[in-house]
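Encoded as structure tokens, the structure appears first; notes follow it.
Computed from the coordinates by the stated procedures, all read-outs in this text should not be read as laboratory data. As the structure is a computational prediction, the values presented were derived from the model and not from experiment. Glycine gets a Cβ as well: all are built from the backbone with ideal geometry, and neighbour counts include every protein chain shown.
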Amino acid sequence: MKYQNILITGGCGFIGTNFINYLFNLKEFTGNVINIDKLTYAGNPNNLIDINEKYGNDRYFFYKTDITDISSIDTVFEKHAVDCIIHFAAESHVDRSIHGPGEFIQTNIIGTFNLLETVRKHWKNSKDFLFHHISTDEVFGSLGNTGYFYETTPYDPRSPYSASKASSDHLVMAYFYTYAIPITISNCTNNYGQYQFPEKLIPLMINNMLEEKDLPVYGKGKNIRDWLYVQDHCSGIWKIVQNGRRGETYNFGGENEWTNIDLLNILCEEVAIQKNKDKDYYKKLITYVKDRAGHDHRYAINCDKVKEELNWKQSVTFNEGLTKTVKWYLSNIKWMNDIKSGQYKNWIEKNYCQR
């Protein structure tokens, strides 16, 4: 499929930013990107300065828009002949959902519903249209020490965050069966890489190391996560958007499992190496804290389907990806500091086009 007007929700967030950069680096992509983002604490327009300067007013359009405001979404659709939506926008931090679930219900459920209703109004039964919904492996619940999540695994969410994502997944699939809207869904394991907001594990720990603060680990650090480099996730999304079967779900995984404590030890060593310190220098900062409520033990995804159907595979090993990630954060201290201070928000009104 060759889409001309791709609407990205949450394009100023971590994965959305990386995907927009990925798109504009593809020679075969000649269409337009419409980015809508509420610019919450995790949405940073500085991420896309280069894209805005190079393609703004031509192939790239940004709207500061809340997906819970259906009239604003409708206005964007009226201005652009959207033929593809890639829906990244979501509240995504488990800890925040435990302490304040309301925002997760509004954004992840009501926001997705608003997008689907707007599509139902505008898509006019076109076969050359796609709504691709980005989900998470957390909707499947928790695994023991063995086994994997498959596309057919029953949903069993354990946190307000994962429950809100599970609900949005069901809504998207319901609109496919009820209204025949062309949709695809992807569920992915933990992403890591550049531009990730520093509340997430890897950038948080890098920041704490640089400030020589405690490196807090839940429980005994034995919870297991699978990690996928964000660029590999982006390439997989693009393969689904181009060739995925309508009404299907595809799983993405790194096939790269680590306990939290083992990951942190490796990260400590990588930062120390790049900072020319003894490899164990930062390990003294590791501290153990009370475990998170409802903390899932293990996530691991089987991604045979997307490999076999769409010829996708991971291209970056964990060691390569972690080295690149640490190097990026160490080379972008100002980016991190601006986020922590909130200074980038003052830049929005002066420099960022809100068409």
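Paramagnetic label reach from ASN208 (point 7 Å along Cα→Cβ; backbone nitrogen cut-off under 13 Å): within the stretch 286-318, residues 286-292.
Assuming a strict under-20 Å limit between Cα atoms, what lysine pair count do you get for the stretch 92-240 once near-sequence pairs (fewer than 8 apart, same chain) are dropped?
Values: LYS127/LYS239; LYS165/LYS200; LYS200/LYS213; LYS200/LYS220; LYS200/LYS222.
Close lysine pairs found across the stretch 92-240: 5.
Distances between placed amide hydrogens fall under 5 Å for VAL217 paired with THR287, TYR288, VAL289, all partners being 5 or more residues away or on another chain. Sort the stretch 40-92 into rounded, prolate or oblate with this rule: let a ≥ b ≥ c be the square roots of the eigenvalues of the Cα gyration tensor; rounded if a/c is under 1.5, and if a/c is not under 1.5, prolate when a/b is larger than b/c, oblate otherwise. Since a/c reaches 1.5 but b/c is at least a/b, the shape of the stretch 40-92 is classed as oblate.
Need one word for the stretch 156-216: rounded, prolate or oblate. Basis is the Cα gyration tensor (sqrt eigenvalues a ≥ b ≥ c); a/c below 1.5 gives rounded, then a/b vs b/c decides. Prolate, since a/c reaches 1.5 and a/b exceeds b/c.
Altogether, the Stokes-Einstein calculation at 10 °C and 1.306 mPa s, with the Kirkwood radius of the chain over Cα pairs as Rh, returns a diffusion coefficient of 76 µm²/s.
Could you work out the relative contact order of the chain? I mean the mean sequence separation of Cα pairs under 8 Å and 6+ apart, divided by the number of residues, in percent.
Details: 620 pairs, mean separation 66.1, N = 355.
It rounds to 19 percent for the chain.
In the chain, which whole DSSP H runs stretch at least 18 Å along their own axis (Cα) and average 0.5 or higher on the Kyte-Doolittle scale?
On the way: long enough: 160-179 (28 Å, -0.16); 230-243 (20 Å, -0.24); 260-274 (21 Å, 0.83); 318-331 (19 Å, -0.36).
Correct list, ordered by number: 260-274.
Cα centroid separation, the stretch 218-272 to the stretch 20-90: 25 Å.
Take the residue pairs LYS283/LYS327; LYS279/LYS305; LYS283/LYS324 and return only those whose Cα atoms are more than 30 Å apart.
Working: LYS283/LYS327 19 Å; LYS279/LYS305 39 Å; LYS283/LYS324 20 Å.
LYS279/LYS305, as the Cα separations exceed 30 Å there.
Taking a ≥ b ≥ c as the square roots of the eigenvalues of the alpha carbon gyration tensor, the stretch 42-132 is oblate, as a/c is not under 1.5 and a/b does not beat b/c.
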